[in-house]
Amino acid sequence: MSKQELLLLDCGVSPFCGRVRIALAEKGVEYESKEENVLGGKSELLLSSNPVYKKVPVLLHNGKPLCESSIIVQYIDEAWPSPPLLPTSPYERAQARFWGDFIEKKVFDGGSKIWKSKGEEIEVAKKEFIETLRQLEGTLGDKDFFGGENFGFVDILLIPLTTWFFAYEKFGDFKVEEECPKFSTWVKRCKQRENVVKALPEPEMVYEVVLMLRKMHGVE
Amino acid sequence: MGEEVKLIGSIQSLFSFRIEWALKLKGVEYEYIKEDVRNKSPLIFKYNPVHKKVPVLVHGGKSLPESLVILEYIDETWKNCPLLPEDPSQRAMARFWAKYADEKCLIAVWQAYMAEGEEKEKAMGPALESLAFLEKEIKGKKFFGGEKIGFLDLAVGWIPHWLNVLEEVGSMKLLDAEKFPSLHEWAENFIQISPIKECIPPREELVSYFHSALIYLRSLSANKP
């Protein structure tokens, strides 16, 4: 398959794009990437490929657009079956999808509440966020990765979101490592993987973006 | 597959019915455990400690919440009468629209149902917009799954019955046959299919539930500082 048949409409700091970059790397699939200016002006290609949400990531495979990062990752897993990102048994696959859905509902929005809040609200948002991480720690247990021995679907959905945690820690005045040490260990384990490190931005860069977003939202 | 199947569900929950329809389509025998969403039993807290909601599927003692996750599990466990297509890009589309319908369409319909006075007209906008996307998706097809009903039909299967009730109780018209002819026709066809037509909650029950829910929810909003 030539590179031109796969085009990722991308954005460096977007953790949702990060998921797709990692999944494609895990499968050893080559692709073209087009960086979108999500705050400055979205391209015609993005707007026409994702008319519903008008957001990145969009993966164009032979011109067919695929949207929503968790759905794109599942697509990548099905289109290139090796190595598998989801477990083989239906129940374990369902568990992975359940926790994927939980992550979608809780992590990014929960973290955003911390940097969007003022005064006492920050403390409330921080407590909720830490509780979410503790629930994830509970399901991780003593396993190396959420899927067990192998890095997989749930790890891929979650690890890019952690690049935003430095910003949450600054504004919420807390440290994930102190509140959720097991979670922190899992993050470090994932960051030993070349595909993860190459795909993700530095947390300090994300922090600069959050500072800008705070100004835009009138929080500063 | 000889292991026992139980479904913890509720007559008021449109999410529960998706699972019943899927199990019946596949000819899977199950025990139905009735929950009242207004008065949750300890079972719910035991089998769905994370979200504390129905539906929950319990198969061979192992529990599974979240209706769209359960649908995929059912499809992978009982392979007859497949719900999702085989082609990965078509599967992705079905998942995309099911997620959209739950996260945007249903939420927008709910907001419109709750809104009052001048706010109602404004709140109907996003709901109508989301129905327009679904209209485009069903155009030219009998069902979202093609000739037969599939994953997406079950996921939006609340439209023929529940939307109708929310429109009545919420004093609004959303699924207009003139504005959304294909979606309207799909809705008429969907509720004629077995096992859907034999497995629909009594309308009066839903009307009464959503009527009292509306009073309660509006009183909560009124009491917010």
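The values are calculated or read from the model by the stated rules, or taken from the named source; none is laboratory data. Not measured: the values here are computed from a predicted model. For neighbour counting, all protein chains shown are included, and Cβ atoms are generated from backbone atoms with ideal geometry for every residue, glycine included. All accessible areas refer to the heavy atoms of the entire protein, side chains included, with ligands and DNA or RNA removed. Shrake-Rupley method; radii C 1.70, N 1.55, O 1.52, S 1.80 Å.
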**Study point:** Residues that are within 15 Å of A:TYR207 (Cβ to Cβ), assigned to a helix (DSSP H, G or I) and open to solvent by 20 Å² or more (accessible area, probe 1.4 Å), drawn from region A:153-197
**Key:** A:PHE166, A:GLU169, A:LYS170, A:PHE171
Exercise for review: List every residue pair whose Cβ atoms sit under 6 Å apart, with the two residues 6 or more apart in sequence or on different chains, where the first one lies in region B:198-218 and is at positive phi and part of a helix (DSSP H, G or I) and the second, anywhere, is open to solvent by 80 Å² or more (accessible area, probe 1.4 Å) and modelled with pLDDT under 90.
Suggested key: none
Check your understanding: What pairs can you find where one residue is in region A:192-208 and at pLDDT 95 or above, the other is open to solvent by 100 Å² or more (accessible area, probe 1.4 Å) and of a type in the set (D, E, K, R), and their Cβ atoms are less than 7 Å apart, with a gap of 6+ or different chains?
Key -> A:TYR207/A:LYS170
Exercise for review: Pull up region B:45-82, narrow it to residues that are hydrophobic (A, V, I, L, M, F, W, C) and open to solvent by 10 Å² or more (accessible area, probe 1.4 Å), then point me to the one that is nearest to the chain's Cα centre (by Cα).
Suggested key: B:LEU68
Point to revise | One residue from A:TRP99, A:TRP115, A:TRP80 being of a type in the set (Phe, Trp, Tyr) and away from chain B (no Cβ under 14 Å) | key: A:TRP115
Review point. Name the residues in region B:1-20 that are under 17 Å from the mean Cα position of the chain (by Cα) and either among the aliphatic types (A, V, I, L, M) or over 21 Å from B:VAL207 (Cβ atoms) (or both), would you?
Key: B:LEU7, B:ILE8, B:ILE11, B:LEU14, B:ILE19
Revision key, fill the gap. Scanning region A:83-96 residue by residue, the ones that are facing chain B (nearest Cβ under 9 Å) and in contact (Cβ under 8 Å) with a residue 60 or more places away in the chain total 0
Review point. Is it the case that A:LEU66 is without any contact (Cβ under 8 Å) to a residue 24 or more places away in the chain, outside any loop (DSSP other than H, G, I, E, B) and out of contact with any Lys or Arg (no Cβ under 8 Å at 6 or more places or on another chain)?
Key: yes
Exercise for review: Kindly provide the set of residues from region A:1-40 that are out of contact with any His (no Cβ under 9 Å at 6 or more places or on another chain), more than 25 Å from A:VAL154 (Cα to Cα) and in a helix (DSSP H, G or I), ordered by number.
Suggested key: A:LYS3, A:GLN4
Exercise for review: Check every one of the helices (runs of 4 or more DSSP H) wholly within region B:1-104 and list those with 2 or more residues that are at the interface with chain A (Cβ under 10 Å from one of its Cβ atoms), in contact with a Lys or Arg (Cβ under 8 Å, 6 or more places away or on another chain) and among the aliphatic types (A, V, I, L, M).
Suggested key: B:67-77
Review point. If you take the residues in region B:21-41 that are out of contact with any Ser or Thr (no Cβ under 6 Å at 6 or more places or on another chain) and buried (at least 20 other Cβ atoms within 10 Å of the Cβ), which one is farthest from B:LEU57 (Cα to Cα)?
Key: B:LEU25
Review point. Can you name the residue in region A:34-59 that is crowded, with 19+ Cβ neighbours inside 10 Å and in contact with a helix residue (DSSP H, G or I) (Cβ under 7 Å, 6 or more places away or on another chain) and, of all such residues, is nearest to the other protein chains (Cβ to nearest Cβ)?
Key: A:LEU59
Practice item. Scan region B:105-138 for residues that are of a type in the set (S, T, N, Q) and either within 12 Å of another protein chain (Cβ to nearest Cβ) or open to solvent by less than 20 Å² (accessible area, probe 1.4 Å) (or both) and report the count. Key: 1
